[in-house]
Amino acid sequence: MQNINSKLPEVSTTIFTVMSQLASQYEAINLSQGFPNFEVSPELINLVSTAMQKGYNQYAPMPGLLSLREVIAQKTYSLYNRGYHPESEITITSGATQAIFTIIATFINPGDEVIIFKPAYDSYEPSIKLFGGTIVPIQLSAPSFKVDWQEVASKITSKTKMVIINSPHNPSGSILSNDDMLQLEKLLKNTDIILLSDEVYEHIVFDGQPHQSAALFPGLAERAFITASFGKTFHITGWKTGYCLAPSDLMKEFRKVHQFNIFCSNHPTQYALSEYIKTPENYLSLPDLYQAKRDLFLSLIKDSRFKFTPASGTYFQVLNYSDITNEGDVAFAQRLTKEYKIASIPVSVFNLNNQDDKVLRFCFAKTEDTLKRAAEVLCRI
């Protein structure tokens, strides 16, 4: 046996894999991992097939297909009134997670501090640790998951290299407001701090609320990488295609690493997406689609013993079970899967010191039949 000096000795199998395996083992309804179980647009599938038949099967350009970057630039300008040059400020990536990893790899050196908000998407911390960065966590708490900006100000030091935000927020379903973004803009003014704005759920915001992209705020946009996911937007998570936006000086450095990380992303998928997003309704219709699913799910469990604040965005709903049991959320999530045949994600695994607020995350990006069957189970508990 080789003596392996692990760079991530504390990392084990992710909770998503654990709960999905448990769901499969016990034949449970799987509302744990965040993927839709309804069909992808037939038009989009046909466009990929057409791209393959037309010969788009070899390497794409390193930054991505120019026609796709051009339509992304148009889309971003129409939504946020900010111009990104398709040749120098937009890069196509193999999903948002690859973009996030590459951003961290590009800019974080040993001793650099990175502020993150917990509960946090589980790729942030291992990526920071791999490059010797120091994680500076700020804990958000249920049910509001609101940011205390005075606490954020107190955590900024001369070593702060990056702040990572995620709105709409996974796993809580909360969103950052206009005031939140203005306060962040004020805090980062006159610093060299890079903002990584994870906006993969940008098109899944509810109740008529606008998505507050970093692109809308000049003082943030000038220092921000914005990451986006076609997988989340068009329920094609297995295609692993996304992109990032940034000012040209930042993007130049990003591409130096990107070219040796993956070089380029899936070519026929890029061709298909460059055509598909020319029709804005394909993404502008998403709030209505997912809000209908959220509202159906919550209406079906309104008489259950779970408590909830309706999610403001994403396709996740956090449910508080404190009226049911005092069990820890990991134990309760496992028992629900084994005994009641419904799988969820315990939120404490994403928290500082595994803070347990007695909440579980359920994915409602499912068919109406799946949501009805899941609600029946939850109402029996």
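Projected onto the charge dipole of the stretch 42-279 (+1 at Lys/Arg Cβ, -1 at Asp/Glu Cβ, origin at the Cα centre), which of Ser94, Ala228, Ile115 gives the Cα projection farthest towards the positive end?
Result: Ser94, furthest along the dipole toward the positive end.
Taking the beta-carbon count within 10 Å as an exposure proxy, list Thr314, Thr367 from fewest neighbours to most.
Least to most surrounded, the residues fall as Thr367, Thr314.
Quick one: order Thr50, Thr13, Thr93 by neighbouring beta-carbon count within 10 Å, fewest to most.
The order, fewest Cβ neighbours first, is Thr13, Thr50, Thr93.
Expressed as cubic angstrom per residue, what is the convex hull volume of the alpha carbon set of the stretch 1-100?
Numbers: hull volume 25.4 nm³, N = 100.
For the stretch 1-100, the hull spanned by Cα atoms encloses 254 Å³ per residue.
What is the local net charge at Trp149, summed over the other residues whose Cβ is closer than 10 Å to its Cβ (Lys, Arg +1; Asp, Glu -1)? Intermediate values should be presented prior to the final figure.
On the way: positive: Lys146, Lys186; negative: Asp148, Glu151, Asp179, Asp180.
Counting the neighbours of Trp149, the net charge comes to -2.
Write out the trypsin sites (Lys or Arg not before Pro) in the stretch 1-85 meeting two conditions: DSSP loop, and at most 13 other Cβ atoms within 10 Å of their Cβ. Write out the running numbers ahead of the final one.
On the way: sites: Lys7, Lys54, Arg69, Lys75, Arg82; in loops: Lys7, Lys54, Arg82.
Filter output for the stretch 1-85: Lys7, Lys54.
Which of Glu222, Glu70, Glu339 moves the most in a Gaussian network model of the chain with Cα springs under 10 Å?
Answer for the Gaussian network model of the chain: Glu339.
Considering the chain, what Rg and Dmax in Å follow from its alpha-carbon atoms?
Every Cα atom of the chain included, Rg and Dmax give 20.6, 59 Å.
Under the definition of Cα pairs under 8 Å and six or more residues apart, what whole-number percent is the relative contact order of the chain?
This gives 25 percent for the chain.
Name the residue, out of Pro86, Pro218, Pro268, whose mean-square fluctuation peaks in a Gaussian network model built on the chain with Cα pairs under 10 Å.
Of Pro86, Pro218, Pro268, the Gaussian network model singles out Pro218 as fluctuating most.
Which of His211, His85 has the fewest other C-beta atoms within 10 Å, and how do the rest follow up to the most?
The most exposed by this proxy come first: His85, His211.
Past 31 Å, Cα to Cα, is the threshold; run Lys307/Lys366; Lys7/Lys189; Lys75/Lys252; Lys7/Lys161 against it and keep the listed order. Please list the in-between numbers first.
Values: Lys307/Lys366 21 Å; Lys7/Lys189 34 Å; Lys75/Lys252 22 Å; Lys7/Lys161 21 Å.
Checking Cα-Cα distances, Lys7/Lys189 exceed 31 Å.
Before rounding to the nearest 500, sum -39500 (n - 2.57) across all DSSP H runs of length at least 4 in the chain and divide by the residue total; then give [θ] at 222 nm in deg cm²/dmol.
Computed mean residue ellipticity for the chain: -11000 deg cm²/dmol.
How about the stretch 295-381: which trypsin sites (Lys or Arg not before Pro) there lie in a loop by DSSP and see at most 11 other Cβ atoms within 10 Å?
Counting only loop positions with at most 11 other Cβ atoms within 10 Å, the trypsin sites (Lys or Arg not before Pro) in the stretch 295-381 are Lys302.
When DSSP beta bridges are limited to those with both residues in the chain, what percentage is antiparallel, rounded to the nearest 5? Walk me through the intermediate numbers first.
On the way: 17 of 37 bridges.
Counting DSSP beta bridges with both partners in the chain, the antiparallel share is about 45 percent.
In sequence order, what are the phi-derived ³J(HN,Hα) couplings for the stretch 29-45 according to the Karplus relation 6.51 cos²θ - 1.76 cosθ + 1.60 with θ = phi - 60°, rounded to whole Hz, with x for glycine and proline?
5, 9, 10, 8, 6, x, 9, x, 10, 10, 6, 6, 3, x, 4, 5, 4
Determine, at each q value in 0.12 (inverse angstroms), the log₁₀ of I(q)/I(0) that the Debye formula gives when each Cα of the stretch 34-151 is one equal point scatterer.
Once normalised to I(0) and log-transformed, intensities are -0.73.
Have a look at Glu199, Glu151, Glu275 and tell me which one the Gaussian network model of the chain (Cα, springs below 10 Å) gives the largest fluctuation.
Answer for the Gaussian network model of the chain: Glu151.
Report ³J(HN,Hα) in whole Hz for each residue of the stretch 105-121, in order, from the Karplus equation J = 6.51 cos²θ - 1.76 cosθ + 1.60 where θ = phi - 60°; Gly and Pro get x.
4, 6, 10, 9, 10, x, x, 5, 9, 10, 7, 10, 10, 10, x, 10, 3
Could you give the dipole magnitude of the chain about its Cα centre, charging the beta-carbon of Lys and Arg +1 and that of Asp and Glu -1, in debye to the nearest 20? List each step's numbers first, then the result.
Numbers: 34 positive and 38 negative charges, 88 e Å.
Magnitude of the dipole: close to 420 debye.
With +1 assigned to the C-beta of every Lys and Arg and -1 to the C-beta of every Asp and Glu, and no other charges, what is the dipole magnitude of the stretch 199-284 about the Cα centre in debye, to the nearest 20?
The dipole of the stretch 199-284 has a size of about 340 debye.
Counting each pair of different Cα atoms once, what's the Kirkwood radius of the stretch 288-355 in Å, rounded to one decimal?
In the stretch 288-355 this quantity evaluates to 13.3 Å.
Only the coordinates and a few stated rules stand behind these numbers; no lab work does. These numbers come from a predicted model, not from an experiment. Here the Cβ is made from the backbone with ideal geometry for all residues, glycine too, and neighbour counts use every protein chain on show.
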